[in-house]
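Notes follow the structure.
The values are calculated or read from the model by the stated rules, or taken from the named source; none is laboratory data. Just so we're clear, the structure is a prediction, and the values are computed from it rather than from any experiment. Cβ coordinates were reconstructed from backbone atoms using ideal geometry, including for glycine residues, and neighbour counts include every protein chain displayed. When the accessible area is computed, the model is the full protein with side chains, heavy atoms only, and any ligands, DNA or RNA have been set aside. Shrake-Rupley method; radii C 1.70, N 1.55, O 1.52, S 1.80 Å.
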Amino acid sequence: MKLKNTLALTLWLGLAAGAGAATEIVVATVNNGHMIEMQKLTPHFEKANPDIKLKWVTLEEGVLRQRVTTDIATKGGQFDVMTIGMYETPIWGKKGWLKELKTDAAYDVDDLLPAMRNGLSVDGKLFAAPFYGESSMLMYRKDLADKAGIKFAERPTWTEVKDAAAKMHDPKNGVYGICLRGKPGWGDNMAFITTMANSFGAQWFDMSWKPQLESKPWKDAVTFYVDLLTKYGPPGSSANSFNEILALYNEGKCAMWIDATIAASFITDPKQSKVADKVAFAQGPYAATQKGANWLWAWALAIPAGTKNTEAAQKFITWATSKEYINLVAK
């Protein structure tokens with residue numbers, strides 16, 4: 001009888017321990033402000049899903065790209081959820097490196113902006129859910145522009161921007177005419193330079209896939225960019241990308257900044273920005289053409305094909321990109 005009771009107790013304890021074991025999913029993301037906020041809200045997800053635990057790997061943009069690309073190409077299985085963009089998603093989805101996202105009716109997938117949804121789909125199937133989407137635009141100090149007698153058109157030219165930078169540049173008082181991404185990298189200065197080059201009429205390749213980097217529009221664009229930052233940018237611009245310039249802008253050190261529209265939520269927040277009440281906006285500047293003068297991008301959440309935790313990963317992505325999550329952040 002004693003032995004039978006002992007065996008029963010052991011079996012019960014084993015089942016109880018098994019029932020209490022949560023599935024841990026590893027989420028790789030970029031160290032941008034909204035992703036940091038998502039990480040802080042982890043307890044809300046875990047409380048609603050006690051059978052799932054989140055482990056975060058938060059990396060600088062360039063490092064994140066290297067890590068997730070290596071992991072997915074080698075089927076390393078390090079991550080259950082990856083933060084990727086509109087460049088990788090259709091390529092990786094087509095290769096079978098990502099799991100198709102299965103959303104229910106409550107998720108309202110038709111509410112996603114068509115440009116974002118299409119860019120994250122292959123053959124009509126969604127392979128990543130946009131955490132946020134963005135374009136690029138001109139952000140500037142209205143107080144400094146008014147003081148200098150500058151009025152920007154709704155869509156200014158690069159010549160207007162350069163003239164304004166010269167007038168507002170005041171390094172003795174710690175204000176630089178313009179702040180632009182200078183840090184080398186595809187998601188760093190090249191995101192910006194490509195839009196600038198587009199507006200000068202440049203292209204990476206012609207219709208026969210012949211590289212065009214030595215063309216006159218490219219030389220004009222890059223010369224203009226270097227000249228602008230050298231004369232009117234902050235010192236050390238070659239180390240600055242989005243987060244570094246965001247910090248400079250919020251300290252009141254940038255008269256103008258051309259970058260992701262998502263920055264608006266940070267530079268107008270009085271808790272983060274010393275110039276929150278002095279900010280104004282215009283569309284991204286252009287030179288010869290407006291075509292391609294500002295970018296289209298979405299940071300999105302995807303499930304690598306190598307995960308063993310598909311269901312839990314799907315639950316997390318549904319939560320993090322839902323209308324309910326947006327309301328949670330708003331509160």
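I want to verify a result. In a Gaussian network model of the chain, Cα cutoff 10 Å, which of these has the top mean-square fluctuation: THR69, THR268, THR223?
THR223
Among [x] -0.23, -0.31, -0.88; [y] -0.28, -0.37, -1.04; [z] -0.36, -0.46, -1.04, only one was calculated for this model; which label is it, if the read-out is log10 I(q)/I(0) by the Debye sum over Cα atoms at q = 0.07, 0.08, 0.13 Å⁻¹?
[z]
With only alpha-carbon atoms counted, please give the Rg and Dmax of region 248-331, in Å.
18.2, 51
Name the most mobile residue of SER265, SER208, SER199, meaning the one with the largest mean-square fluctuation, in a Gaussian network model of the chain with Cα contacts below 10 Å.
In this elastic network of the chain, the residue with the biggest mean-square fluctuation among SER265, SER208, SER199 is SER208.
For n ≥ 4 DSSP H runs only, could you compute -39500 (n - 2.57) per run for the chain, divide by its residues and tell me the 222 nm figure to the nearest 500?
Value at 222 nm, helices only: -12000 deg cm²/dmol.
What helices in the chain pass both tests, a Cα length along the helix axis of 20 Å or more and a mean Kyte hydropathy of -0.5 or higher, using whole DSSP H runs?
2-20, 216-232
Share of region 164-280's accessible area from carbon and sulfur, percent, 1.4 Å?
58 percent
Taking loop as defined by DSSP and a crowding limit of 15 other beta carbons within 10 Å, which chymotrypsin sites (Phe, Trp or Tyr not before Pro) in region 83-143 fit?
TYR87
Cα to Cα, under 26 Å, and not fewer than 8 places away if on the same chain: which lysines meet these conditions relative to LYS278?
Hits, sequence-local ones excluded: LYS142, LYS147, LYS151, LYS162, LYS167, LYS172, LYS231, LYS253, LYS331.
Only sites in a loop by DSSP and with at most 16 other Cβ atoms within 10 Å count here; which trypsin sites (Lys or Arg not before Pro) in region 278-325 make the cut?
LYS291, LYS308
What is region 54-145 by shape, rounded, prolate or oblate, if you read a ≥ b ≥ c off the alpha carbon gyration tensor as root eigenvalues and call it rounded for a/c under 1.5, prolate for a/b larger than b/c, and oblate otherwise?
oblate
Report, in whole Å, the centroid distance computed from the Cα atoms of region 198-217 and region 71-124.
Here the answer is 30 Å between Cα centres.
For region 103-174, which trypsin sites (Lys or Arg not before Pro) are both in a DSSP coil and crowded by at most 11 other Cβ atoms within 10 Å?
Within region 103-174, the qualifying trypsin sites (Lys or Arg not before Pro) (loop, at most 11 other Cβ atoms within 10 Å) are LYS151.
Among the aspartates and glutamates, which have Cα under 14 Å from the Cα of LYS323 when same-chain residues fewer than 8 positions away are ignored?
Leaving aside aspartates and glutamates fewer than 8 places away in the same chain, those within reach of LYS323 are ASP104, ASP108, ASP110, ASP111.
Would you mind telling me which residue in ALA313, ALA282, ALA165 has the biggest mean-square fluctuation in a Gaussian network model of the chain, where springs connect alpha carbons within a distance under 10 angstrom?
Of ALA313, ALA282, ALA165, the Gaussian network model singles out ALA282 as fluctuating most.
Could you tell me what a quarter of the Cα convex hull surface of region 182-328 works out to, in nm² with one decimal place?
Projected area, direction-averaged: 12.6 nm².
Using +1 on the beta carbon of Lys and Arg, -1 on that of Asp and Glu, and nothing else charged, what's the dipole of region 19-133 about the Cα centre, debye to 20?
320 debye
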